[in-house]
Structure formats: structure tokens, C-alpha cells
Amino acid sequence: MKQSKTPRRLVTAVILMTGLGAVSAFGQFAATGTTSLSVTVAPEASIEINTATTALTTAGLFADYTGTTNFTYKIRTTLSGGSGSILLKITADFPAGGPSVTTPGTDPLTYGCTVAAPATACSGPVTALTTGTTNVANFGVDAHSAKAGNAGSVAWDLPDDPAYKTGTYTATATFTISAA
């Protein structure tokens with residue numbers, strides 16, 4: 001019985017085409033390659049309040065209530081025309097019967113500021129407000145904090161008025177940081 005030679009030729013042609021295809025695809029690639037990496041670094045700012053509850057305490061009979069709120073900030077402002085700030089607003093006043101930030105009268109809640117460079121601290125004492133923000137710190141052109149952040153604090157002062165009713169009173173201070 002005589003075998004046809006057509007199937008062998010077909011198999012041989014398929015093997016040759018597959019082999020040539022692999023060589024051709026391999027020839028399109030090199031052993032190394034490169035790419036350009038591009039990053040746009042924008043101005044950024046963040047703040048962490050390290051004192052979750054700031055207790056205002058008095059040193060004696062009718063002496064002012066004082067306390068300190070510590071924070072850590074990170075900042076990067078733009079190289080040309082950059083700026084930034086840390087602002088403070090009392091977003092919830094003390095309840096009735098105690099001190100009042102909304103109507104401070106002769107007993108305002110005030111604070112002074114301490115911040116590590118590159119910030120410039122507020123000029124205190126600053127009267128805290130519920131109706132708007134007050135300044136804690138400012139940043140200038142090309143300001144950069146440490147990678148771990150820089151320290152700052154607000155030292156509070158509240159007169160001890162005999163008119164306050166006894167009890168515990170809580171207000172909320174909100175800090176906001178920005179960079180451009």
C-alpha cells in the first residue's frame with residue numbers, strides 16, 4: 001500500500017511557519033528597554049492634633065484656666081508665590097452657664113502660638129472666635145516641613161469668672177491647614 005506524501009509536506013510547512021513566526025517575534029524585542037518617569041509634585045498640607053482633649057485647669061483661686069493643645073503639621077508650598085496657613089475656629093461653643101466664646105464680654109478665650117520653622121507663629125494673644133477663623137501660623141514661598149512633621153502648639157487662656165456656674169463645660173476647636 002502506497003502512502004500519500006501530501007500529509008508530510010503539510011506537517012513540514014506548518015512546523016516551518018511556526019518556527020519562522022517565533023524567530024520573527026523574538027527579533028522585535030531587545031534585551032533592555034527604558035522609560036521616562038514623570039512626577040508632578042503639588043503643594044500639600046496636613047495636620048494632626050496630638051492632644052485629643054485639652055483640659056483647661058486653674059493654678060489657684062480665680063486664676064485663669066490654662067492648657068495647651070499640641071499638634072504636628074506637614075507642609076510643602078510652591079516655589080514661586082507659595083503660601084499656607086493654619087487657622088483655628090471654635091466650631092462648638094461652651095454650653096450655657098459657663099464661659100462663652102460667642103459672647104465673650106470681658107472674659108475672652110485667648111491663645112498664643114508656638115510653631116517650628118518653616119512656620120511663623122501668630123502674634124498673641126489671639127481671641128478665639130465662633131464667627132470666623134483666627135490665625136495660628138503662616139507659611140511662605142517654598143516652605144517644607146520635615147518628613148515626620150514639625151511641632152506646634154496653642155496655649156489657651158480663659159479667665160476664671162465667678163459668674164460661671166459650677167460644672168464641666170466643653171467647646172470644640174477646629175484647626176485647618178492649607179498650602180498653595
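Values in this text are rule-based calculations from the coordinates and carry no lab data. Keep in mind that what you see is a predicted model, and the values were worked out from it rather than measured. Cβ sites come from the backbone with ideal geometry, for glycine too, and all protein chains shown count toward neighbours.
In this simple spin-label approximation, Thr66 and Ala52 carry label points 7 Å from Cα along the Cα→Cβ vector, and these lie 2.7 nm apart. Summarising the label geometry, the points placed 7 Å from Cα in the beta-carbon direction at Tyr169 and Ala42 lie 4.2 nm from one another. By the count of neighbouring beta-carbon atoms within 10 Å, fewest first, Thr68, Thr127 end up ordered Thr127, Thr68. The calculated P(r) of region 44-179, using every Cα pair and 5 Å bins from 0, goes 2, 10, 20, 22, 17, 12, 8, 5, 3, 1, 0 in percent.
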